[in-house]
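Report on the following structure.
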């Protein structure tokens, strides 16, 4: 498999750029209904390997559509979406699972399996992609420790608090070591204190080299974290700011992170550059 | 690991909607029993045709030890009489109606008899000398049977002339009609089975949409997601097919073997073992019907 992946990287248009950008949108427009305005309108942006980015905006601004396009749940109406250098439109349907193995996803409603224990919920993500029992036995407790759930392996989801359930969901999302973690309002159902705990977990995962993209409404969290903020309104990026707050007094378009040209970056940002990429789980094991 | 996982998923799926699975089993069982019954009737027809049916139309039986017919007053047929009959068959007057004829000796008759009645107790009580030797005639035009009959009935050494077709044809056409009815009922039942399997799989996919949603997200392959559902339908249908095969065997064993063959000892019936030829066909038919209908349902209702 590593050989195969190398080939894909080799055929990508501009390898040096590809390796740096984990997610890259090139003039992406997504139209669900031709009579209404597009859900995403000519969006171009790049999220680097190891970056932590917030996606903010009102409901219907296009945050979820953005995440769906990264997962290839939907096709872009026009423009191109690159994930780890691959144009997702060019990934054949039988290879889509491989793309998704490189991306962890967390939702507002946790989406745990109610009749399975914490351990089994996390192990499920490894079972379905055919990991061996011994690998699962070794990895799951380790990941549960990372999210702060050691000792609760045998609990059922309904025996846990909301924050703990979300930690299980995060553990499940990262147990296969994806290069990207997408979080769709992960703190939407949680109180502020619990939310901060969850943010701590996400931050830790980001420190370990995983690119994190989090769609949120939670201004406290965004203001606290001081990470990159991409603000969408009606499908258009109206602000893209590093170390930003939830709201900016002066919305600035294109100040920092428009598409860069191949020559390189237009600003520097602190990065924990991990050597991770989608689908890298097997090699790291 | 993946195999164990798939098997576990199948188990939980089957447990979760037991009632639907049972109905799939029963519907496939009934429909395949009808398919099998049609098959059995055809086997039975073949069995009754025996060695000669498809080869000749008319049989001239020669006198044997126990013959009581008028032409047999002089006892069993002599070589001389037999030669005369053969000459007559070859004479231009008769030969113009005859395509071909064959002589069947007592020993050959015994051999063919044993083959045909292998499932019947009668075979043990018959010896070669009880069976008449015969000329078997393949007619150019089977309708001209009367000419042969008139020519040979009164010849010395001839016990009787029989038009085999006339004896069996009516029975066979009844049996063919019966198998046609069975096939039509089976057709309707199979449509039922397909629709029921599709509904069951749909329910199953719906009740497990959480799991399959998560499986998609973490990158499970299409096969791992869909296989448990497909196998669920296939397993139910194969159980139904196995029950149908068992039923056919039981009918052959208890009804034909124990009852009818005692009522009609001079009729050749199929053995229970012969019905098992139908079993693999029923299993494959049931399994593939379920597999195809599950697959089509999943393509619509389970996004991967």
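Every read-out reported here was derived from the displayed coordinates using simple, explicitly stated rules and does not represent laboratory data. None of these values were measured; they are calculated from a predicted model. We place every Cβ from the backbone using ideal geometry, glycine too, and count neighbours over all the protein chains shown.
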Inset, instruction - Just tell me how shielded B:231-243 is by partners: mean number of partner chain Cβ atoms within 10 Å of each residue's Cβ, no decimals. - result: 0
Inset, instruction - Normalising by the residue count of region B:1-121, find the relative contact order in percent from Cα pairs under 8 Å and 6+ residues apart. - result: 20 percent
Legend entry - Cα-based Rg and Dmax for region B:58-165, where Dmax is the largest Cα-Cα distance (Å): 14.1, 44
Inset, instruction - Measure nothing fancy, just the Cα-based angle from helix B:18-49's long axis to the longest principal axis of chain B, in degrees from 0 to 90, nearest 10. - result: 10 degrees
Inset, instruction - Please determine, in degrees from 0 to 90 and to the nearest 10, the orientation of helix B:79-90 with respect to the longest principal axis defined by the Cα atoms of chain B, where the helix direction is its Cα long axis. - result: 70 degrees
Legend entry - Rounded to 5, the percent of DSSP beta bridges in the protein assembly as shown classed as antiparallel: 65 percent
Legend entry - Nearest-ten-degree value, helix B:106-116 long axis tilted from longest Cα axis of chain B: 20 degrees
Inset, instruction - Between residue A:245 and residue A:29, take the C-beta separation as r, use R0 = 22 Å, and let me know the FRET efficiency to the nearest 0.05. - result: 0.20
Legend entry - Largest to smallest principal axis extent of the C-alpha atoms in region A:112-177, angstrom: 30, 23, 17
Legend entry - Stretch gain in nm, segment residue A:161-residue A:58, where the contour uses 0.36 nm per residue and the Cα spacing is subtracted: 34.3 nm
Legend entry - Average other protein chain Cβ within 10 Å of Cβ, residues B:291-300: 0
Legend entry - Label point at residue B:74 placed 7 Å out along Cα→Cβ; residues across region B:159-186 whose backbone nitrogen lies under 17 Å: B:159-160
Inset, instruction - Give the shape of region A:144-196 as rounded, prolate or oblate, defined through the alpha-carbon gyration tensor: a ≥ b ≥ c are the square roots of its eigenvalues, a/c under 1.5 means rounded, and otherwise the shape is prolate if a/b is larger than b/c and oblate if not. - result: oblate
Legend entry - Relative contact order (%) - chain B, alpha-carbon pairs under 8 angstrom, separation at least six: 33 percent
Inset, instruction - Name the residue, out of B:45, B:147, B:230, whose mean-square fluctuation peaks in a Gaussian network model built on chain B with Cα pairs under 10 Å. - result: B:147
Legend entry - Modelled FRET efficiency - R0 41 Å, residue B:281 with residue A:73, Cβ distances, 0.05 increments: 0.40
Inset, instruction - Provide the gained length on full extension for the span residue A:193 to residue A:153, in nm with one decimal, where the gain is 0.36 nm per separating residue minus the Cα-Cα distance. - result: 12.1 nm
Inset, instruction - First measure r as the distance between the Cβ atoms of residue A:92 and residue B:176, then evaluate 1/(1 + (r/R0)^6) with R0 = 41 Å and state the FRET efficiency to the nearest 0.05. - result: 0.20
Legend entry - Shielding of A:97-103 by partner chains, average beta-carbon count, 10 Å: 4
Legend entry - Fewest-first ranking of B:222, B:114, using other Cβ atoms within 10 Å as the exposure measure: B:114, B:222
Legend entry - Label zone at residue B:123 (point 7 Å along Cα-to-Cβ), backbone N below 13 Å, region B:261-298: B:268-274
Inset, instruction - Quick one: grab the alpha carbon gyration tensor of region B:55-121, order the square roots of its eigenvalues as a ≥ b ≥ c, and give me rounded if a/c is under 1.5, else prolate or oblate depending on whether a/b is larger than b/c. - result: oblate
Inset, instruction - Using only the Cα atoms of the protein assembly as shown, build the gyration tensor, take square roots of its eigenvalues as a ≥ b ≥ c, and label the shape rounded, prolate or oblate: rounded if a/c is under 1.5, else prolate if a/b is larger than b/c, else oblate. - result: prolate
